[in-house]
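Asker: One structure, as structure tokens, below. Some questions next.
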Amino acid sequence: MIDNRALLVIDVQNDFCPAGRLAVAGGNEIVPLVNSLAHDFNHVVLTQDWHPADHSSFASQHEGVAPFSTITMPYGPQTVWPDHCVIGSEGAAFHPQLDVTRAELIIRKGFRKAIDSYSAFFENDRKTPTGLAGYLQERGLTRLTLVGLAFDYCVRYSAEDAKALGFSVTVIERATRAIDLNGSADATRKSFSARDIILA
Ligand code: VGL
Ligand code: ZN
């Protein structure tokens with residue numbers, strides 16, 4: 001019987017760790033636990049936030065707009081961020097202690113200038129697929145465990161999309177850290193509970 005479980009490790013990158021450009025408090029602390037989980041799973045997929053230097057999700061690209069405020073894009077509201085995870089930069093690299101040797105796939109997202117992608121499955125228009133669902137489905141990987149950064153953005157959107165696509169979804173909260181903007185961490189817990197996403 002094939003092992004249908006996969007660990008999805010979201011955005012454990014330097015820019016989301018302390019001293020990074022979009023630092024998530026304690027982001028680095030999850031690395032040992034993520035590594036030990038990666039050894040317990042037979043299938044591991046990593047995601048990597050991967051933006052061009054002039055990405056439209058950067059506040060710096062919008063005159064007079066402060067980081068962490070919300071703008072309206074053609075596809076809907078978009079929070080704007082400090083510049084982060086610029087393609088090829090040290091900030092976009094995985095945390096140096098992250099064990100990447102277990103990964104069977106690395107999926108990059110947010111590489112199109114005009115659209116952001118929090119979710120590992122769909123860009124922020126909520127309909128352009130990244131291809132990850134097809135990859136997992138073709139391989140029979142139907143039971144997903146999510147960890148990584150940030151709990152209330154890329155982990156949240158990835159988990160919700162995975163659930164809506166019919167995967168079974170568990171998020172291990174102690175292997176995540178939150179940005180927590182305007183109550184977003186609590187909103188994430190409530191949303192998971194409403195959608196039957198298991199928070200372990
Ligand atoms: C993320 C904000 C912007 C994340 C990525 O990985 O949660 N958050 N880009
Ligand atoms: Zn980003």
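Computed from the coordinates by the stated procedures, all read-outs in this text should not be read as laboratory data. Everything numeric in this text was worked out from a predicted model, so none of it was measured. Every residue, glycine among them, receives a Cβ derived from its backbone with ideal geometry; neighbour counts consider all protein chains shown.
Asker: Please get the size of the charge dipole for the range 1-49, origin at its Cα centre, with Cβ charges of +1 on Lys and Arg and -1 on Asp and Glu, quoted in debye to the nearest 20.
Answerer: On the way: 2 positive and 6 negative charges, 1 e Å.
For this selection, approximately 0 debye.
Asker: Taking a ≥ b ≥ c as the square roots of the Cα gyration tensor eigenvalues, with a/c under 1.5 meaning rounded and otherwise prolate when a/b beats b/c, else oblate, which class fits the range 84-200?
Answerer: Working: a/c = 1.29, a/b = 1.13, b/c = 1.14.
Rounded, since a/c falls under 1.5.
Asker: Calculated from DSSP H runs of 4 or more alone, at -39500 (n - 2.57) each and per residue, what is the 222 nm mean residue ellipticity of the chain, nearest 500? Don't skip to the answer; put the middle values down first.
Answerer: On the way: 4 runs with 37 residues, N = 200.
Estimated from H runs of four or more residues: -5500 deg cm²/dmol.
Asker: Within the range 172-199, whose backbone N sits under 11 Å from a point 7 Å along Cα→Cβ of Thr70?
Answerer: So the set is 182.
Asker: If amide H atoms are built 1.01 Å from N in the plane of the peptide, which residues on other chains or at least 5 residues away come under 5 Å of the amide H of Ala178?
Answerer: The list, which skips near neighbours in sequence, is Phe151.
Asker: With the alpha-carbon atoms as the only input, what is the per residue convex hull volume for the range 27-67 in Å³?
Answerer: Details: hull volume 3.8 nm³, N = 41.
It comes to 92 Å³ per residue, whole-number rounded.
Asker: With an 8 Å cut-off on Cα pairs and a minimum separation of 6 or more residues, tell me the relative contact order of the range 1-131 in percent. Walk me through the numbers before you get to the answer.
Answerer: Details: 250 pairs, mean separation 37.3, N = 131.
Once normalised by length, the contact order is 28 percent.
Asker: Per residue Cα convex hull volume for the range 45-123, in cubic angstrom?
Answerer: Details: hull volume 7.4 nm³, N = 79.
Hull volume over Cα atoms, normalised by residue count, gives 93 Å³.
Asker: Across every pair of different alpha-carbon atoms, what Kirkwood hydrodynamic radius in Å does the range 1-102 reach?
Answerer: Details: mean 1/r = 0.0663 Å⁻¹.
About 15.1 Å for the range 1-102.
Asker: What fraction of the Cα pairs in the chain, stated in percent, has a spacing above 29 angstrom? List each step's numbers first, then the result.
Answerer: Details: 3259 of 19900 pairs.
So the pairs more than 29 Å apart make up 16 percent of the total in the chain.
Asker: Right, something else. Relative contact order for the range 107-192: what percent, with Cα pairs under 8 Å and sequence separation of 6 or more? If you can, show how the numbers build up before the last one.
Answerer: Values: 117 pairs, mean separation 21.7, N = 86.
So the answer I get is 25 percent.
Asker: So which trypsin sites (Lys or Arg not before Pro) in the range 71-131 are both in a DSSP loop and have at most 12 other Cβ atoms within 10 Å of their Cβ? Can you show the working numbers first?
Answerer: Values: sites: Arg102, Arg108, Lys109, Arg112, Lys113, Arg126, Lys127; in loops: Arg112, Lys113, Arg126, Lys127.
Here the sparse-neighbourhood loop sites are Lys127.
Asker: Right, another one. Sorting Thr145, Thr101 on the 10 Å Cβ count, fewest up front, what's the list? Please list the in-between numbers first.
Answerer: Values: Thr145 22, Thr101 9.
The order, fewest Cβ neighbours first, is Thr101, Thr145.
Asker: In whole Hz, with x marking every Gly and Pro, tabulate ³J(HN,Hα) for the range 88-104 from phi via Karplus 6.51 cos²θ - 1.76 cosθ + 1.60, θ = phi - 60°.
Answerer: The phi angles translate into x, 7, 4, x, 7, 6, 5, 3, x, 8, 5, 7, 8, 5, 7, 6, 8 Hz.
Asker: Give me, ordered by chain and number, the residues 5 or more places off Glu173 or on other chains with an amide H under 5 Å from its own placed amide H.
Answerer: Amide H neighbours of Glu173, under 5 Å, 5+ apart: Ala200.
Asker: Would you please give the FRET efficiency between Phe111 and Ser36, computed as 1/(1 + (r/R0)^6) with r the Cβ-Cβ distance and R0 = 35 Å, to the nearest 0.05? Write out the running numbers ahead of the final one.
Answerer: On the way: r = 30 Å, r/R0 = 0.86.
Once rounded, the FRET efficiency stands at 0.70.
Asker: Tell me which residues come under 5 Å, amide H to amide H, from Asn42 once H is placed; ignore anything under 5 positions away on its chain.
Answerer: For Asn42, whose amide H was placed from the backbone, there are no distant partners under 5 Å.
Asker: Could I ask something else about it? Using alpha-carbon positions, what is the distance between the centroids of the range 137-200 and the range 34-70, in Å?
Answerer: 15
Asker: At what distance in nm do the modelled label points of Glu63 and Ala200 sit from each other, each positioned 7 Å from its Cα along Cα→Cβ?
Answerer: In this crude label model, Glu63 to Ala200 measures out at 5.1 nm.
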